[in-house]
Each structure stands twice: as structure tokens, then as C-alpha cells.
Amino acid sequence: MLWFKALHLIFMVTWFAGLFYLPRLFVYHAMSSDQTSLDRFKIMERKLFIIMTIGAVFTLIFGTGLLISANYITAGIPLWLKIKFVLLAMLGIYHWHCGKLVGIFKQDNNKYSHGFLRWYNEFPAMMLIVIVLLAVLRPS
Ligand code: HEM
């Protein structure tokens with residue numbers, strides 16, 4: 001149980017490192033025009049997306065381990081956890097969309113401005129704050 005929680009948090013940090021930095025790379029990528037930078041950003045984005053996807057999968061695996069070992073399945077899911085699941089679904093969609101953007105940038109097809117991407121970059125920070133507050137304070 002405690003091992004699951006430690007590993008859940010370790011992989012959550014890995015996941016969020018990517019969720020914070022990949023959209024930042026999109027901002028710099030959208031501002032670049034020289035071929036060397038474009039090629040370098042494509043490699044960085046692809047590799048970071050792979051690492052953050054591994055982080056997401058293991059966060060999910062150990063989160064599910066916690067869900068089972070803490071008896072939530074049999075005792076019932078509390079409200080804070082239900083809200084957390086809704087936010088996680090939104091975060092999953094954001095993650096998927098980051099993957100789409102990696103493909104779009106790879107094809108040199110990006111139409112988003114760096115201004116828009118700066119706002120896009122703020123979403124994971126809001127999710128992190130709300131999810132951690134929910135998981136730690138557990139309002140019923
Ligand atoms: C990916 C799917 C996820 C699932 C299925 C999941 C599920 C869980 C469960 C069941 C617990 C244990 C609650 C308890 O000890 O009774 C937990 C703890 C925790 N989760 Fe998640 N979680 C997920 C993702 C996340 C994410 C993305 C974050 C952060 C943004 C997060 C932050 C935390 C924190 C901080 C705790 C520890 C709370 C504490 O014991 O004080 N989880 N999670």
C-alpha cells in the first residue's frame with residue numbers, strides 16, 4: 001500500500017515533468033524557423049512524449065493498485081475521488097492532444113500561435129493544484 005503510494009507519486013512527478021515541459025517546447029517550436037532548431041525540437045518532443053506516456057501509464061497502474069488495496073472498489077468511491085477521476089479524464093484528453101501536436105509539429109503543420117500555446121501550457125498546472133488538494137484534503 002505504502003509502496004504503491006510512493007511509486008504512484010514518483011511516476012506522477014515523471015508524468016507532470018512532461019506535461020509541463022512539452023507544451024513549453026511547442027511554444028519555442030512555434031517561434032522557430034531555422035531548420036536546425038525545427039529538427040531538434042521534433043526529436044525532443046517525440047522523446048519527451050514517450051517518457052511522459054510511460055509516467056502516465058505507471059501513475060495509472062499504481063493508482064489502480066491503491067484503489068484496490070485501499071478497498072475503494074468494495075467500500076465505495078468517495079466524492080473527492082469521483083471528482084479526481086473526472087479531472088484525470090480531462091488530463092488524459094490533454095495528454096492525447098499533446099501527442100497529436102507532436103505529430104502536427106513533426107509534419108510542419110502547426111497553425112497555433114505561440115501566444116495560444118502559452119495559455120495551453122497552463123492547463124496541467126491548474127489540474128495539478130486541484131488534484132493534489134483533492135487527494136490530500138479529501139473534502140467529503
Ligand atoms: C492516473 C490515475 C490515478 C488513479 C487511479 C489514482 C488513484 C489514487 C488513489 C486510489 C489514491 C489513494 C488514496 C488513499 O490513500 O486512500 C491516490 C493517492 C494520491 N494521488 Fe492519485 N490517482 C491517479 C492519478 C493521480 C495524479 C495525476 C495525481 C497528481 C496530480 C495524483 C495525486 C495523488 C496524491 C498526492 C495521492 C496521495 C494522497 C495522500 O495519501 O495524502 N494521483 N491516488
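Cross-link partners for K106 among the aspartates and glutamates, with Cα-Cα distance under 14 Å and sequence neighbours closer than 8 places in the same chain left out: D39, E45.
Considering all different alpha carbon pairs of the range 16-78, the Kirkwood hydrodynamic radius works out to 14.0 Å.
Would you please name the trypsin sites (Lys or Arg not before Pro) within the range 70-124 that are DSSP coil residues with at most 12 other C-beta atoms within 10 Å of their C-beta? Working shown, then result.
Numbers: sites: K82, K84, K100, K106, K111, R118; in loops: K111.
For trypsin sites (Lys or Arg not before Pro) across the range 70-124 that sit outside H, G, I, E and B with at most 12 neighbouring Cβ atoms in 10 Å, the list reads K111.
Spin-label pair S69-T53: with each label point 7 Å from Cα along the Cα-Cβ axis, the two points sit 2.8 nm from one another.
Considering only Cα atoms, the convex hull volume of the chain works out to 95 Å³ per residue. Helix 79-106 axis versus longest C-alpha principal axis of the chain: approximately 20°, rounded to the nearest ten.
Global size of the range 65-129: 16.7, 50 Å for Rg and Dmax (C-alpha atoms, Rg to one decimal, Dmax whole).
Taking K and R as +1 and D and E as -1, what net charge do the other residues with C-beta under 12 Å from the C-beta of L25 add up to? All intermediate terms of the calculation are to be shown ahead of the outcome.
Values: positive: R24, R40, K42, R46, K47; negative: E45.
Within the 12 Å Cβ shell, the charges total +4.
Candidate cross-link partners of K84 among the lysines, defined by an alpha-carbon separation under 25 Å and a same-chain spacing of 8 or more, comprise K5, K100. Summed over qualifying helices (DSSP H, 4 residues or more, each -39500 (n - 2.57)) and divided by its residue number, the chain shows a 222 nm mean residue ellipticity of -29000 deg cm²/dmol.
Over the chain, what is the relative contact order in percent, taking alpha-carbon pairs closer than 8 angstrom and at least six residues apart? Before the final figure, lay out each step's value.
On the way: 110 pairs, mean separation 55.7, N = 140.
For the chain, the relative contact order is 40 percent.
None of the figures in this text is laboratory data; all of them are computed from the coordinates on show. The structure displayed is predicted, hence computed values, not measured ones. No Cβ is skipped: glycine too gets one built from the backbone with ideal geometry, and neighbour counts run over all protein chains shown.
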